[in-house]
Every structure is written in structure tokens, then in C-alpha cells.
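Engineer: Structure below; questions to follow.
No lab work stands behind these numbers, since they all come straight from the coordinates. Just so we're clear, the structure is a prediction, and the values are computed from it rather than from any experiment. Every residue, glycine as well, gets a Cβ built from its backbone with ideal geometry; the counts of neighbours run over all protein chains shown.
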């Protein structure tokens, strides 16, 4: 702050508060909608204040299905999403740590070849190679299971780059010291490198968890079996009610449940989240 | 690149890179090369025979008005998302940079839409703007605009998907703008203030020009986001309709390939998209190399 201008400061706060309200408005409406019953949700105008059916709806969603996805409960979908998000984030971190370690600490033929091969994945988002990738997964018999949902997505150029940067900043003396003490490559990796990069691992985990949780197109292709539906992809099916009008109170409850886990992760681990965001976008 | 002190050659490094490389080859490089190969083939309507047609699929695409329209639409969509989301984020970041109290609280309250999945964001906005029930549609009604229906009107559908996509991206842009502004040395701002420049003048002559690397970086990131990651929004809200009014390129690849089963054309479209991603990635990396240090 350079000069004192109370009016301008007040104006800034007003703009920010307005911004926060606009950003939060859709969520508020979601919460309100999820706390009313079916009858209220067909009367225009829709309520702006929460009703009293929140826990009934929550219970119903967690134990039963919603709309035309009746066969599988939202609780199961949450578990599927959680399993997929964890497998993707942990898988990405594990294989990227290993490959970054090999590329930074070993001299071996084709080292740069492997590096560029990993780099290329950055340029091949799943959206541009939908059909052939689907075919590979189908041929490998990985449709409708957790492996098919996660493994094809766990290659990560960004994570490999990030760990490579981290390893490059670790002083050479550490490796020399470790070798004098008789540590082999695996020992050095497990006892020194991994502990030293744990904040980066955590930051990356936050970003990758959100990435995994929010996958949409991939689960849509891979899961024909309703037991494997993830929560994010199922919402669309629910809004596409065939004959009756969509049950908005239950759909909004599902929507709320679909966004709570990643939002909680971002808000509670804000520092790590910001770190992960700025470090992976390089 | 390589540590000065490193381990002697052995099979270990191969074992270490093996998982990543295996997944890359099986799920990235092989499918991508299949897409390349497929894009040169033409399959008959029953899938009984295929023949090699060189670049016919590509020339067909570029003489197809529908495809060219989808191209234009995608650019309009991406640019709108980038402009709406970046200007909102810049305004908020400028304000958050000004206030002394509460910056962290505002940041916390503004960053969480990042965590919301595109498809979920789409569902939220669709509910708000639902022609019969939505609250915003109700407000429109009261204001005398009774004909709002994004399920019938293409322009309205476009506005809705742009809003939903931009809303989700505000957090990201806000964080980067705020960080960019906080990196500008206070001495510059103070010197300008001593010379008699007011807050508005200081913003346009000092802060905004110094933010240009951040702005450019965000523009590229937002374009990439709008090109590829908004599939969920489009699929959940409009399915590319009404009458293809919101059919962006990524959605068209999916639709022609999975729904229309036109493999050659879908593969050719994939290849064009790959070229676009490669172009954008190159721009992004070249920019990073010449990153301006304050």
C-alpha cells in the first residue's frame, strides 16, 4: 500500500466480496437444492434458503441410486472415485520418482531417448487419442476394472520433470557421503532422496488427486458396468432422465458429494496446492 | 541434466525407467501412431474393407464446412473462456493485492472452484440456468427476458458453457496474477506514486506491462484448458447442441469416432488436434525459456 485511500480500500473489499459471492453462488444453490424434497424442487421459484431434508437426502444418496442410475448407490461411486484418484496419484508419483532418479543419477545408453519419450506424453492428452487407446485397453481386457481406469493415465511427464528438478538441486556431496558409508543406489534413493523430496511429493499428490478424481472422459469410455461408475461421470447420466423430470434435489446432493473431497483437499492443503500448481506448470 | 557424481552403469536404471516407459509406449505412443495410421485409411460403411488413401481424410475435413465451423467455434469458445476468466481474475487479483487485511481469506474463498470437475461445474451451471426451474432463468423471466432456453438457442448454449468453463478457471488465473503482482518490486510503485501517479495510472503504466509475461502464459494455459479439458462441460451440458452450436473439436472427435463410428475421419481429426497441442506446448516452452525476471 503506497498511500492511504480509505474509500478505494473499501471499494476493493466490496469488489472482492462480490467476487467471492459470485464464485460461491452456484455452490450455495447446490447445497440449498440438496436440502429440499422432491416436491419443493418442482415449484418455481426455487428456494434460496436451505430446507430440512439434507440428511434424508444424504442417506438416500449414499445407500440407494439416483434417477436413472438406480442400480448403483452414490456411496459405491464415491468409493470407485476414491480408488481411481488414489491409484492415479500414487501411481504417477511412484513411477515418476523412479524414472527421474534413473535419468538424473545414472549414465546409461538411451538415457536421453527415454527422457524424450516421456516428454512426448505431454503432447498426447487422452482426448486426442481416444479411439486407439480405448482399443488397446479393450484388447488388454482392462475394461470395467480399476486397472483400466487408472494405469493408462499414470504416465506423467510433468511429475517426472518436477522430480528431476528437485533431484538436480540436491547437493552432490550427499551422494558421495552416502557412498562412503556404503549405501547402494536403492538405499540412497529410499533413505535420502525420497525423504528429502517429501514436500514435493505431497504437493504433487494434491494436484494429482484432483486430476484423478475429476476424470470424466476416460471413465465414461472404460466403464460399461454400472458397478464401476465414478461419481463425476454419473452425474450426467442422472440429469438425462428419460421419461420423468430429473430429481434435482438428489442430483444436486450427488454433485455436492462429488466436489467435497477435492475441495476439502485444496482448502486444507492450500500451501501444498499452490506449490504443486506453480511447480508442475513448467 | 546428469549429476556430476553418479552411479556406474548397470541394469538398474533400465528397471527404474521401465514402468514409465512401458506405460508410455503401450498407452501413448502406440495409440498415437495408430491414430496416425488410421487417419490415412478409409473404411467402407460396413467396416468390411479398408483402403489406404493417403491424405484424403484430411482434404475431406478441410473442405467440410461442418469441420471448419467447428474449428472457428472452438477458437471463439477458447478465446471467450480465456478473456472472461482472465479479466475477472485480474480484477480480483488487483483488488486482493491492494487490501492489507484478508488477502489470505479471500484467496481461500476464491481458489476452490479449481477442485471442481468440469463435468460437475457443467451440471451446476445447467441447474442455475435451467429454462423451467433455474434461478437465473427465473430472474431473466422477471426482467422480461422470457425466451431464455439454452436447449433451443445456440448462442445461449454457448454463453452458458463459456460461463461454466470460465468460472472454473478463475481460481487458477487469480493465483498466478496475484503471484505475478506480488513479485513486482514495491520500489517501482512507490517511485511512481511520488511522481504523482494515482492508482489507476500506476496500474496501466507499470503493473499491467510488467504482468505481460504472466498474462501471456495464462493465455496459453487457458487456451489449452478450453481446447481439451472442457469436454466434460460440453458433454454434460449441451452434448454439442443445439444443432452443433457448441460442438468444439474435442467433442467432434469423440462424437464422430464413438457415436458416428467414422474411424478415418475421427483419426484425422485426432492428428490435427495433436498438431495443435504440440504447437501450444512449443509456445509454452519457448516462453518459459525467456521468462522475464523482475
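Engineer: Under a 10 Å cutoff between Cα atoms, tell me which one of A:50, A:132, A:152 has the largest fluctuation in the Gaussian network model of chain A.
Structural biologist: Looking only at A:50, A:132, A:152, the largest GNM fluctuation is found for A:132.
Engineer: If the protein assembly as shown were replaced by its equivalent ellipsoid, with semi-axes equal to the square roots of 5 times the Cα gyration tensor eigenvalues, what would those be, largest first, whole Å? List each step's numbers first, then the result.
Structural biologist: On the way: eigenvalues 277, 230, 126 Å².
In descending order, the three semi-axes are 37, 34, 25 Å.
Engineer: When the Cα atoms of region B:67-165 are enclosed in a convex hull and the volume is divided per residue, what value in Å³ results?
Structural biologist: Numbers: hull volume 13.0 nm³, N = 99.
Measuring per residue, one finds 131 Å³ for the Cα hull of region B:67-165.
Engineer: For the Cα atoms of chain A, what angle does the longest principal axis make with the long axis of helix A:157-169, in degrees from 0 to 90, nearest 10?
Structural biologist: Helix A:157-169 and the main axis of chain A meet at about 50 degrees.
Engineer: Now for a different question. Cα gyration tensor of region A:46-161, axes a ≥ b ≥ c as square roots of the eigenvalues: rounded (a/c below 1.5), prolate (a/b > b/c) or oblate?
Structural biologist: Judged from the Cα gyration tensor, region A:46-161 comes out prolate (a/c at least 1.5, a/b above b/c).
Engineer: Hey, another quick one. What is the distance in Å between the Cα centroid of region B:220-273 and that of region B:70-107?
Structural biologist: 25
Engineer: Mind listing the Cα extents of region B:50-94 along all three principal axes, in Å, largest one first?
Structural biologist: Between the extreme Cα coordinates on each principal axis of region B:50-94 lie 58, 18, 12 Å.
Engineer: Now, a different point. Give the value in nm², to one decimal: projected area of the alpha carbon convex hull of region A:133-282, averaged over all directions.
Structural biologist: That works out to 12.4 nm², a quarter of the Cα hull's surface.
Engineer: In a Gaussian network model over chain B where Cα atoms closer than 10 Å are linked, find which of B:265, B:187, B:171 has the largest mean-square fluctuation.
Structural biologist: B:187
Engineer: On to the next question. How many partner chain Cβ atoms sit within 10 Å of a residue's Cβ in peptide B:274-280, on average, as a whole number?
Structural biologist: 3
Engineer: I've got another one for you. Relative to the longest principal axis of chain A, what angle (0 to 90°, nearest 10) does the C-alpha long axis of helix A:54-63 take?
Structural biologist: 60
Engineer: Further, regarding this structure: Could you state the angle between the C-alpha long axis of helix A:130-139 and the longest principal axis of the C-alpha atoms of chain A, as a value from 0 to 90 degrees rounded to the nearest 10?
Structural biologist: For helix A:130-139, the angle is close to 80 degrees.
Engineer: Would you calculate the convex hull of the Cα atoms in region A:1-99 and tell me its volume per residue in Å³?
Structural biologist: Spelled out: Cα convex hull of region A:1-99, divided by residues, is 188 Å³.
Engineer: Quick one: if you stick a label point 7 Å off each Cα along the C-beta vector at residue A:119 and residue B:62, how many nm between them?
Structural biologist: In this crude label model, residue A:119 to residue B:62 measures out at 2.8 nm.
Engineer: Provide, in order from the shortest bin, the percent of all Cα-Cα pairs of region B:105-247 in each 10 Å bin, continuing until the bin that contains the maximum pair distance.
Structural biologist: Taking all Cα pairs of region B:105-247, the binned fractions are 11, 30, 26, 20, 11, 2 percent.
Engineer: Is the shape of region B:208-294 best called rounded, prolate or oblate, per the rule: a/c under 1.5 gives rounded, else a/b larger than b/c gives prolate, else oblate, with a ≥ b ≥ c the square roots of the Cα gyration tensor eigenvalues?
Structural biologist: Judged from the Cα gyration tensor, region B:208-294 comes out oblate (a/c at least 1.5, b/c at or above a/b).
Engineer: Viscosity 0.692 mPa s, temperature 37 °C: give me the Stokes-Einstein translational D for region B:96-137 in µm²/s, with Rh taken as the Kirkwood radius over C-alpha pairs.
Structural biologist: In µm²/s, the coefficient is 265.
Engineer: Something else about it: Over chain A, what is the relative contact order in whole percent, taking alpha-carbon pairs under 8 Å and six or more residues apart?
Structural biologist: Over chain A, the number comes to 31 percent.
Engineer: Could you give the distance between the Cα centres of region A:1-55 and region A:173-237, to the whole Å?
Structural biologist: If you average the Cα positions of each part, the centres end up 35 Å apart.
Engineer: Cα convex hull of region B:66-115: mean projected area in nm², to one decimal?
Structural biologist: Convex hull of Cα atoms, orientation-averaged projection: 4.2 nm².
Engineer: List, largest first, the extents of the alpha carbons of chain B along their principal axes, each in whole Å.
Structural biologist: 77, 74, 32
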